[in-house]
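Beneath this line is the structure, given in structure tokens, with notes to follow.
The values are calculated or read from the model by the stated rules, or taken from the named source; none is laboratory data. Note that the structure is a prediction, hence the values are computed from the model and not measured. Note: ideal-geometry Cβ built from the backbone for every residue, glycine included; neighbour counts use all protein chains shown.
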Amino acid sequence: MDTQKYYEFCTRVKTISGHNSLEEIPQALMDLNAKSPMIITDKGVSAVGLIQLVQDAIKKSKNKIEIKVIFDDVPADSDITTVNEIAKLYKEKGCDSIITVGGGSPMDTAKGVNILVSEDADDLMQFTGAGAIKRRLNPLIAIPTTSGTGSEMTLVAVIADHSKNKKMAFTSYFLLPDVAILDSRMTLTLPDFLTAPTAMDALTHACEAYTCLAKNPLSDSAALFAIELIRDNLLNVIKKPKDANGRLALANASALAGIAFSNSMVGMVHTIGHAIGGVCHVPHGVAMSILLPYGLEYNLHKTGHLTGELLLPLAGSEKFAAIPKELRPLKSIEIIRQLNEDLHKATGGRHSRFLSEVRNREGTQMIPKDKIRDIALTAQNDGSIFYNPEELDLEDLIMVIEAAWEGVPIDRKKIKMSKETSKVKIKI
Amino acid sequence: MRIENYPEIIPGKNPFKKIYLAIFLWITGRAIQAAARTDRVVKKEFEMLPDDFMLYLGVSPNGPGFVVGKDSNGKAKYMGAKLKGKSITLKMIIKNIEAAFLVFTFQESTAVGFAHDRFMVSGNLDEACRIGRVLDIVEIYLLPKIITKLAVKRYPNWKQMSPIRKHVGRVIIYTRAILGF
Amino acid sequence: MKLTEQFKFFNQAKIISGNKGLNNIPVELDDYNASKPLIITDKKSVEKKFDKIFIKALSDSNLIIGALYGSVSNEAKIAEVRELVDLYIARGCDSIIAIGSESSMNTAKAVNLMLCEKKDFLEIKDVNQNLKPLIGILTIDSRDTFTTDIVTVDARTLQSNYLFPNVVIIDPRMVKGGSEESVVERSLLALTQSIEAGTYGVNNPMNDSYIYSANQYIYENIKVLSKNRQETEAAVAIANAVYMAGVAFSNAPTGIAYALAKEIHKLTGESIGKVAAIILPHALRWINGKKDNGIKDKILQSLIGIEGYAKTPSEKRSIMVIDEIENLIKSFPKSLPSNLKDLKLQRYILENIANIIPDKIEYKITAKECLAIIDAAWSSEKEKV
Ligand SMILES: [Fe+2]
């Protein structure tokens, strides 16, 4: 393992994982000196009965915990008005803590609410930027219901201001939830076409954390474990959705990948993925599945040796040992492409393999070819571009997106390579 | 225990590094203004920034640093070394003098500096990315290739930046950076 | 990998590791709105001028050091803790920084507890609140519980999530030097903590990521650093391992080699690191015979690397772990004998210890089994376990 010359790493989230870990919520709240939580979630989560599970777990306990109010109307594109509304409700009902249940949107929203209610402020915008939050916030418990974003482990909240057409990022260690509850029951009902891309998002977090510039030893280990858990469980879960052990494993993979990328950042897969989300409203995980092999491919001359090491968790030790070092980087990429193929098959074609294949519910193509330039322009201004091993200018971005659109590998001759730093020679 | 035996201690100062950084940042600030008027790409990046854009790039906690913003004509303008009384839209602060010294003596490239968590960025991330690219280009103009190669990820080849553009541009930016017109 | 049983994981301590790490202290304290720390360190650190390096690293900041106390001895003492509480209050401090040995950290934690719980340390039973910001600066004297959630003062021990330091800093300026013996002791103690943390409990991938990184760092760097204590990269790596092992140790049941070594250390004063290292392979051989808790084969990967691991057939991996550790221990004949007999310990003391261990650890073991492990470690014979 390389000794990183300098790194910072922080995972100040207490994690409780198991098939019955919801039952730990009351004690966790007591430990945080809280007894009047508010639940923040979205309609999708409450409709499938997951909030009921949380309520039951709290009712069962002898601790005097009372859920003061449930807000289950967080929209998919939550913004500052929702945050303000919920904060008002929190204060009116005399809450002292938040339990947020859901995917990325309820979690980001809850983090925003927690800033307002803890700082007793009206204007969220005064807390943007590093170091703006200067005190511990009120207790926050996060319960993920998709295994992908890893938001339960991250210190970021992205909150939009639709009126100004802006997205603001809030970063502070105080935004890390106090407790993350990983319970297999919370993802059991997630349909396959959502399980697949969200897990691929987690896989992307792990692979990018391991190969990008801000890698560090603890992120590396977390990433390797995450990949192994996904390898052992993703396809099984797609085939047997009620496999509780598999679900729990994926929830852990997502959290581990969250730990990894929150401390080492992500690279160009997210750079382009965010842009595709912004321009064409493609779900994040869908873009990640498709782009992951392209990101690894583009950076091969810089970090091929690291991509090669990913083969161990991706393929298992026997296959890894059987493949010579110089072939491993490409093999890793091939396995990820194959995984996308397998998921495509297992979901009856609902898991997309390339950008031109992505369709919305009505069946219309979501990424028309003429949007590629717009996507590339937007991508240029995504913060994750800083952490990618190789530079990407507009021309490079367009070249990569075009390849991913067609579903063909990158033409390596077209990559403007800076000095090679990969420790294995890549055999093409 | 006698409390007087354990006095308060006020840590010292390191004037040499601070002066180096002050000069380096002064030149860089000026050079951004100059480059925004000379270099096509930088000019374009600046055009894309909002009208109220104002950058502070400096060292925590007490500087040095510089402010570059847009003037009333929408042109890039060096606005001095002090934060006070300016409404900054993008703050890029290096965590301490030693870290700044590592980055601005190119022992750590800007990219590695980011990877090493040396910077605290607040404000619009869009703007930070544009400024990141502007800084890369400014460094290419200001510094000899051998040093700039340490600072940026990929040094442009002639296809991307013609030698004429670079050398003529460099002279203009140098003079403008120092003379400040 | 299967995850079937419930587990918990927590680590409050952010780590900052590397070049100029110390210079980040002002920014880190500022995160908590703090700017006037009380510095607690020990005689060993002051001898090595770590206090001077530390003050210099705070140049050009707005920090004021409330006071610097540099007289902590090898054990934290309650009288000293009480006096430091007064000093903290008298100077209007808002945070604490501990530099160097475990005793400095224990003193700092106890001061912090007294300040927040507003009670004498001896009266505090449990902790239920966030404490004042506490930064730990890891040096060549930091080991064992330095980065854990445990505090011990005058033989009284408390454990709580709130007792982790908030930030741990590893700076090359503080982790170089010392003797070969000290490198071996502290690295192998960390290795014992880390390997045992990955062996006695349920599958916990969060903790495992600390465990595997710790093992890997120790294995790759201990030989280099024991030969050349000025080797920066190796020194930083071993310091990292001490931090990671401390976190892993806090999140797992205590292992048998560690528990035995701790007791032996308490009664005889012998180095806990040496004793733990000598016992470790024998304790592992014992647990590897158990049905449920074999040695996880991935431990081997963290020791010998991806290539070697991948080439070893899976049924041989657990045994390889023990062999590897045994070989490692034999590589430092000047600093570490291969059995307890050569440490010149009294045999009857060891027998007494075997009797008390079963009550001290969660994992089920009988006094007889403990004694068998000690016996094996006594003469370094494999057959006894
Ligand atoms: Fe993602």
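Details
- Any hit, segment C:221-229, residues being more than 13 Å from every other protein chain (Cβ to nearest Cβ), within 22 Å of C:Glu180 (Cα to Cα) and under 12 Å from the mean Cα position of the chain (by Cα): no
- Selected residue (criterion: nearest to A:Ala249 (Cα to Cα)) from residues of segment A:1-42 that are of a type in the set (A, V, I, L, M) and within 7 Å of chain C (Cβ to nearest Cβ): A:Ile16
- Criterion (surrounded by 24 or more Cβ atoms within 10 Å (Cβ to Cβ), among the β-branched types (Val, Ile, Thr), more than 24 Å from A:Gly258 (Cα to Cα) and touching a helix residue (DSSP H, G or I) at 6+ places or on another chain (Cβ under 9 Å)) met by exactly one of C:Ile272, C:Ile222, C:Ile295, C:Ile304: C:Ile222
- Inter-residue pairs, beta-carbon under 7 Å, first assigned by TED's automatic domain parsing to the domain that holds A:Lys215 and in segment A:287-302, second within 12 Å of the ligand (Cβ to nearest atom) and outside any helix (DSSP H, G or I), 6+ apart: A:Gly295/A:Gly267
- Test for A:Ile58: is it more than 14 Å from chain C (Cβ to nearest Cβ) and surrounded by fewer than 23 Cβ atoms within 10 Å (Cβ to Cβ): yes
- Answer from A:Thr109, A:Thr81, A:Thr128 - the residue that is surrounded by fewer than 22 Cβ atoms within 10 Å (Cβ to Cβ) and more than 14 Å from every other protein chain (Cβ to nearest Cβ): A:Thr81
- Filtered residues of segment A:249-274 (kept if more than 12 Å from the ligand (Cβ to nearest atom) and either away from chain C (no Cβ under 14 Å) or in contact (Cβ under 8 Å) with a residue 40 or more places away in the chain (or both)): A:Leu250, A:Ala251, A:Asn252, A:Ala253, A:Ala255, A:Leu256, A:Ile259, A:Asn263, A:Ser264, A:Met268
- No other residue among A:Ala121, A:Ala214, A:Ala209, A:Ala132 is in the same structural domain as A:Tyr387 (by TED's automatic domain parsing), part of a loop (DSSP other than H, G, I, E, B) and farther than 27 Å from A:Lys242 by Cα apart from A:Ala214.
- In segment A:136-150, residue nearest to the ligand (Cβ to nearest atom) [restricted to those that are within 14 Å of chain C (Cβ to nearest Cβ) and assigned to a loop (DSSP other than H, G, I, E, B)]: A:Gly150
- Residue in segment B:41-48 that is more than 25 Å from A:Asn388 (Cα to Cα) and within 14 Å of chain A (Cβ to nearest Cβ) present: yes
- Residue in segment A:213-233 that is nearest to the other protein chains (Cβ to nearest Cβ), counting only those that are under 16 Å from the mean Cα position of the chain (by Cα) and within 16 Å of the ligand (Cβ to nearest atom): A:Ala222
- Residue match in segment A:245-261 (condition: surrounded by fewer than 24 Cβ atoms within 10 Å (Cβ to Cβ), in contact with a His (Cβ under 9 Å, 6 or more places away or on another chain) and assigned to a helix (DSSP H, G or I)): yes
- Matching residues in segment A:362-410 - criterion: being over 27 Å from B:Gly123 (Cα atoms) and under 23 Å from the mean Cα position of the chain (by Cα): A:Met366, A:Ile367, A:Val400, A:Ile401, A:Ala404, A:Trp405
- The single condition among (1) free of Cβ contacts under 8 Å to residues at least 60 places away in the same chain; (2) more than 14 Å from chain C (Cβ to nearest Cβ); (3) away from the ligand (no atom under 12 Å from the Cβ); (4) part of a helix (DSSP H, G or I) that A:Gly277 does not meet is (3).
- Positions within segment C:75-107 being under 23 Å from C:Ala190 (Cα atoms), touching a helix residue (DSSP H, G or I) at 6+ places or on another chain (Cβ under 8 Å) and outside any strand (DSSP E or B), in sequence order: C:Glu75, C:Ala76, C:Gly100, C:Ser101, C:Ser104, C:Thr107
- All of A:Leu355, A:Leu306 fail the test of being away from chain C (no Cβ under 14 Å), surrounded by 21 or more Cβ atoms within 10 Å (Cβ to Cβ) and modelled with pLDDT of 90 or more, apart from A:Leu355.
- For segment A:249-270, a residue qualifies if it is out of contact with any Gly (no Cβ under 7 Å at 6 or more places or on another chain) and modelled with pLDDT of 90 or more, and the qualifying residues are A:Ala249, A:Leu250, A:Ala251, A:Asn252, A:Ala253, A:Leu256, A:Ile259, A:Ala260, A:His270.
- Test: residue in segment C:27-36 that is within 7 Å of chain B (Cβ to nearest Cβ) and farther than 30 Å from C:Thr157 by Cα: yes
- Residue count for segment A:374-418, restricted to those that are under 17 Å from A:Thr211 (Cβ atoms) and assigned to a loop (DSSP other than H, G, I, E, B): 9.
- Residue count, segment A:386-426 (criterion: within 14 Å of chain B (Cβ to nearest Cβ) and β-branched (Val, Ile, Thr)): 2
- Looking only at segment A:151-166, residues that are away from the ligand (no atom under 13 Å from the Cβ) and either assigned to a strand (DSSP E or B) or over 22 Å from A:Asp31 (Cβ atoms) (or both) come to 9 in all.
- Residue tally, condition closer than 21 Å to A:Ile58 by Cβ and in a loop (DSSP other than H, G, I, E, B), over segment A:87-109: 4
- Screening A:Pro241 with (1) part of a loop (DSSP other than H, G, I, E, B); (2) closer than 22 Å to A:Tyr7 by Cα gives one miss only, at (2).
- One residue stands out in segment B:1-39 among those that are within 14 Å of chain C (Cβ to nearest Cβ) and in contact (Cβ under 8 Å) with a residue 40 or more places away in the chain: the one that is surrounded by the most Cβ atoms within 10 Å (Cβ to Cβ), namely B:Leu21.
- Taking the listed residues A:Ser317, A:Ser289, the one that is within 16 Å of the ligand (Cβ to nearest atom), hydroxyl-bearing (Ser, Thr, Tyr) and either within 14 Å of chain C (Cβ to nearest Cβ) or surrounded by 23 or more Cβ atoms within 10 Å (Cβ to Cβ) (or both) is A:Ser289, with no other qualifying.
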